[in-house]
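Chemist: Pasting in a structure now, in structure tokens, and then I'll have a few things to ask.
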Amino acid sequence: MKYETVIGLEVHTQLTTKTKIFCGCSTEFGQTPNSQTCPVCLGLPGALPVLNQRVVELAIKTGLATNCRIAPRSIFARKNYFYPDLPKGYQISQFELPVCEHGWLDIDLENGESKRIGITRAHLEEDAGKLVHGDTPETSGNSLVDLNRACTPLLEIVSEPDMRSADEAIAYLKKLHQIVVYLGVCDGNLEEGSFRCDANVSIRPYGQKEFGTRAELKNINSFRFIKQAIEYEVERQIDLIEGGGKVVQETRLYDSNTGMTRSMRSKEEAHDYRYFPDPDLVPLVISQDWIEEVRTTLPELPDAKRNRFVEELGLSAYDAEVLAADRGLADYFDACVALAKDAKTCANWIMGDVLRKLKETGTSIADGPVSPQLLTGLLARIADKTISGKIAKTVFEKMWQSGQTADQVIEAEGLKQVTDTGAIESLVDKAIAAHPDQVAEYLAGKDKLIGFFVGKVMQASQGKANPGIVNQLLKKKLTGN
């Protein structure tokens, strides 16, 4: 390809506060339109904003987790533009002095290498309201304004233009998404708009240092659509240039139905917004003591957790990746290992039966009926040979349905493993006597037939016979040794 793709991302993360950034209105999603508003978020004359301290704490936490410098002093500014969902005629944001700057994230590439993506800044701002376009006969052709979302706290995280493909952009986005959800600073819900991405996309001939003219793709609400939008936009710009045209700086929307982007408006420059310091808000001063206090609340982050699972617990890179991907799942695994002291067995059960049931039932790990204490109780019964691994699957299903312990299920269902050698020997003798042809074949060298006899004995014992004893007795009886 003659052209190199250049991508920078602006990610709006809605912070998980109960109230808005500059007023006490609720941030709860899905409420009756315009029911969560007050003079401040409606932009009424004389209403003054008051900064929510919790918003600043979440911003500091995110900055620390993304290797940013936390500014000791930052300023809120007014970003002026006119749109029906912006009641004041300006948005309170940060421009020259943001709260976080000069960070980075490392992403994993498909070739096994890693790449560092720079983070230019992360700044606090208020969200705008929402336009609801008429979808009923009474409102058809009209757009209604819902200001419940106005003044909701956002942290906009702006990357350097360091990504060179849609795949790199998605890897960065997923890494950032994982971190903010791990931290608990954002719920990460793309469909509800609490994690939104704008992608700045341009192309340039290979070897050229200057960037090409960029197009901004706005507010795309899924990783799949973001990838498709970037890939389409790259091809559109290449076709345009090779056809003798010129890329213009503009904002474009992605239509997931057609898989195409379309022009929305010309792209504004910073001076178009006429930024100036907000006279109603004093500068934000963050002490080093405050930063260190927030640092103590940081959880173990995904990369560190994944490395620990491999280096200290001996898991494979794949197992560690799966278990560390979700904080709730990782915490569940850690709790199981602390109780059972067997990381690999815990990992196998969690990645197998536990994840399967969570998927089948649409349940989160926090709401699953089999706690770490219950699961490790089941593993203990396998280890002490009270039940076989096969019976354990049945016991687990019963535990999931009832919330009972493994011991309660085993007792109630009569699933205790048979280890009485005499009882098992009787079943072995019957299996051998009933299948003389197979015995002859086994003695003639078909060693794999041992599995046939094991199956017959297990079937006769309803799966309760100890498989190790069954194997031992069968080989002894069949060979006479």
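Values quoted throughout were computed directly from the atomic coordinates according to the rules given, and no laboratory measurement underlies them. Please read all numbers here as calculations on a predicted model, not as lab measurements. All Cβ positions, even for glycine, are placed from backbone atoms using ideal geometry, and neighbour counts span all protein chains on display.
Chemist: Whole Å is fine, so just give me how far the alpha carbon centre of segment 450-466 lies from that of segment 57-107.
Modeler: Using only Cα atoms, the two centres lie 66 Å from each other.
Chemist: Work out the charge dipole of segment 314-430 with +1 on the Cβ of Lys and Arg and -1 on the Cβ of Asp and Glu about the Cα centre, then indicate which of TYR318, LEU329, ALA366 is farthest towards its positive end.
Modeler: Toward the positive end, the furthest listed residue is TYR318.
Chemist: Hand me the chymotrypsin sites (Phe, Trp or Tyr not before Pro) from segment 204-272 located in a DSSP loop with no more than 11 other Cβ atoms within 10 Å, in residue order please.
Modeler: Working: sites: TYR206, PHE211, PHE223, PHE225, TYR232, TYR254; in loops: TYR206, PHE211.
When the chymotrypsin sites (Phe, Trp or Tyr not before Pro) of segment 204-272 are filtered for loop state and at most 11 Cβ neighbours within 10 Å, TYR206 remain.
Chemist: Where does the chain land on Rg(C-alpha)/(2.2 N^0.38 Å)? Intermediate results must be reported in sequence, preceding the final value.
Modeler: On the way: Rg = 30.4 Å, N = 481, 2.2 N^0.38 = 23.0 Å.
Ratio of Cα Rg to 2.2 N^0.38 Å: 1.32.
Chemist: For segment 68-162, what is one quarter of the convex hull surface built on the Cα atoms, given in nm²? Could the numbers behind the result be given before it?
Modeler: On the way: hull surface 37.3 nm².
Computing the convex hull of the Cα atoms and averaging its projections yields 9.3 nm².
Chemist: OK, next. Go from 0 up to the bin containing the longest alpha carbon distance in segment 176-291, width 5 Å each, and give me the % of pairs per bin.
Modeler: Each 5 Å bin holds this share of Cα pairs: 2, 9, 14, 16, 14, 15, 13, 8, 5, 3, 1, 0.
Chemist: Taking the Cα atoms only, what angle lies between the long axis of helix 467-479 and the longest principal axis of the chain, rounded to 10 degrees?
Modeler: For 467-479 against the chain, the angle is about 40 degrees.
Chemist: Okay, next question. Compute the distance in nm between two label points, each set 7 Å from the Cα along the Cα-to-Cβ direction, one at SER222 and one at LYS477.
Modeler: 5.7 nm
Chemist: Relative contact order for the chain: what percent, with Cα pairs under 8 Å and sequence separation of 6 or more? Can you show the working numbers first?
Modeler: Working: 828 pairs, mean separation 64.4, N = 481.
Relative CO of the chain lands at 13 percent.
Chemist: Another question, if that's okay. If you place +1 on the Cβ of every Lys and Arg and -1 on the Cβ of every Asp and Glu, how big does the dipole about the Cα centre of the chain come out, in debye to the nearest 20? Don't jump to the answer; show the numbers that get you there.
Modeler: On the way: 56 positive and 67 negative charges, 211 e Å.
Here the chain has a charge dipole of around 1020 debye.
Chemist: Counting only trypsin sites (Lys or Arg not before Pro) that sit in a DSSP loop (anything but H, G, I, E, B) with at most 11 other Cβ atoms within 10 Å, what is the longest stretch of the chain containing none of them? Please report the intermediate quantities before stating the final value.
Modeler: Working: sites that count: LYS2, LYS18, LYS209, LYS246, LYS341.
With trypsin sites (Lys or Arg not before Pro) excluded where exposed in loops, the chain gives 19-208 as its longest stretch.
Chemist: Here's another thing I want to ask about it. Place a +1 charge on the Cβ of each Lys and Arg in segment 70-200 and a -1 charge on the Cβ of each Asp and Glu, then give the dipole magnitude about the Cα centre in debye, rounded to the nearest 20. Don't skip to the answer; put the middle values down first.
Modeler: Numbers: 13 positive and 22 negative charges, 102 e Å.
So the magnitude is around 480 debye.
Chemist: I'd like to know which of THR120, ALA383, MET260 lies farthest towards the positive end of the charge dipole of the chain, counting +1 on Cβ of Lys and Arg and -1 on Cβ of Asp and Glu.
Modeler: ALA383
Chemist: Something else about it: Among GLY445, VAL55, TYR275, pick out the residue whose Cα is farthest towards the positive end of the charge dipole of the chain, where Lys and Arg carry +1 and Asp and Glu carry -1 on C-beta, about the Cα centre.
Modeler: Farthest along the dipole direction, towards plus: GLY445.
Chemist: Lysines near LYS341 by alpha-carbon distance under 27 Å, same-chain residues fewer than 8 away left out - which ones?
Modeler: Output for LYS341: LYS305, LYS357, LYS359, LYS385, LYS390, LYS393, LYS398, LYS416, LYS464.
Chemist: Could you work out the Rg to Rh ratio of segment 286-375, with Rh taken as the Kirkwood radius (inverse of the mean 1/r over all Cα pairs)? If you can, show how the numbers build up before the last one.
Modeler: Working: Rg = 15.1 Å, Rh = 14.1 Å.
Rg/Rh: 1.07.
Chemist: While we're on this one: Rank the residues THR13, THR32 as a footprinting-exposure proxy: fewest other Cβ atoms within 10 Å of their Cβ go first.
Modeler: Details: THR13 28, THR32 8.
Sorted ascending by nearby Cβ count, the order is THR32, THR13.
Chemist: Once the Cβ-Cβ distance between SER26 and GLN53 is put in as r, and R0 is 22 Å, what FRET efficiency do you end up with, to the nearest 0.05?
Modeler: Values: r = 17 Å, r/R0 = 0.78.
Result of the calculation: an efficiency of 0.80.
Chemist: Check the cysteines of the chain one by one and keep only those with no other cysteine Cβ under 4.7 Å from their own.
Modeler: Flagged as lacking a Cys partner: CYS23, CYS25, CYS38, CYS186, CYS197.
Chemist: With charges only on Cβ, +1 for K and R and -1 for D and E, what is the dipole size of segment 276-364 about its Cα centre, in debye, rounded to 20? Mind showing how you got there, number by number?
Modeler: On the way: 10 positive and 17 negative charges, 114 e Å.
Roughly 540 debye for segment 276-364.
Chemist: Compute the acute angle (0 to 90°) between the alpha-carbon long axis of helix 53-65 and the principal axis of greatest extent of the alpha-carbon atoms of the chain; round to the nearest 10°.
Modeler: 60 degrees
Chemist: Still on this structure, I have one more. Please identify the GluC sites (Glu not before Pro) of segment 1-70 that satisfy two criteria: DSSP loop assignment and at most 12 other Cβ atoms within 10 Å. Which are they?
Modeler: Working: sites: GLU4, GLU10, GLU28, GLU57; in loops: GLU28.
Listed in order of number, the matching sites are GLU28.
Chemist: Quick check: the angle from helix 302-311's long axis to the longest principal axis of the chain, C-alpha only, nearest 10 degrees?
Modeler: 30 degrees
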